[in-house]
Amino acid sequence: MELNPITKTEFGAEKTREILAQTFFNLTQKWQLKREEEAQLLGWNYKEKRTKLESMRKGATVLDNDRDKLERIIDLINIHKSLRILFPNNLSAVYEWVKVKRERFGGYSALDVMLEDGKEGIHAIRCYLDHERTR
């Protein structure tokens with residue numbers, strides 16, 4: 001069976017963006033993030049984008065077809081996926097992992113790295129977890 005790659009049209013389709021945004025907010029709720037942290041993960045300044053963020057949370061506004069935002073959310077979803085694989089029987093570990101300070105990250109948490117380094121930090125955490133689950 002051959003799998004067809006997702007086309008750019010499908011990737012940026014409105015329904016896909018709705019689902020990605022809702023998944024993002026579900027995940028950040030499980031991680032118990034502040035609104036400011038949510039905005040920062042998306043590369044936004046909370047004060048400037050607060051209204052848009054709240055509108056997206058309610059489903060009243062669709063996430064823009066912005067490759068940067070979509071890639072950030074997809075990496076965050078993949079971080080969650082890796083954590084579910086690494087901790088299949090421990091949901092509290094899955095949801096608390098991002099906030100635990102780790103020597104591996106210089107005494108910072110994965111969340112600290114993602115907030116400080118933005119898209120590159122999110123991607124670095126994703127790559128780290130991808131590696132961990134394939135060891």
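Quick note: the coordinates plus some simple rules give every number you see, no bench work behind them. From a predicted model like this one, the values you see are computed outputs, not experimental measurements. Here the Cβ positions follow ideal geometry from the backbone for every residue, glycine too, while neighbour counts run over all protein chains shown.
Pairs with C-alpha atoms separated by more than 18 Å, drawn from the list LYS49/LYS69; LYS52/LYS119; LYS34/LYS99, are LYS52/LYS119.
Would you please give the FRET efficiency between ARG133 and ASN45, computed as 1/(1 + (r/R0)^6) with r the Cβ-Cβ distance and R0 = 35 Å, to the nearest 0.05? Result of the calculation: an efficiency of 0.55. Applying 1/(1 + (r/R0)^6) with r as the Cβ-Cβ distance of GLU14 and GLU116 and R0 = 30 angstrom yields a FRET efficiency of 0.40. Between the residues ILE125, ASN90, THR23, the greatest Cα displacement towards the positive end of the dipole of the chain, with unit charges on the Cβ of Lys, Arg, Asp and Glu, is found for ASN90. If each Cα of the range 10-133 is one equal point scatterer, what is log10 of I(q)/I(0) from the Debye formula at q = 0.13, 0.20, 0.22 Å⁻¹? Values returned for q = 0.13, 0.20, 0.22 Å⁻¹ are -0.50, -1.17, -1.38.
When only the Cβ of Lys, Arg, Asp and Glu is charged (+1, +1, -1, -1), the dipole of the range 10-133 relative to its Cα centre reaches about 380 debye.
For the range 17-80, the set of trypsin sites (Lys or Arg not before Pro) satisfying both a DSSP loop assignment and a count of at most 11 other C-beta atoms within 10 Å is given as LYS34, LYS58. Less than 5 angstrom separates the built amide H of TYR108 from those of ARG102, all sequence-distant by 5 or more or on a different chain.
The mean sequence separation of alpha-carbon pairs under 8 Å and at least six residues apart, normalised by the residue count of the chain, gives a relative contact order of 24 percent.
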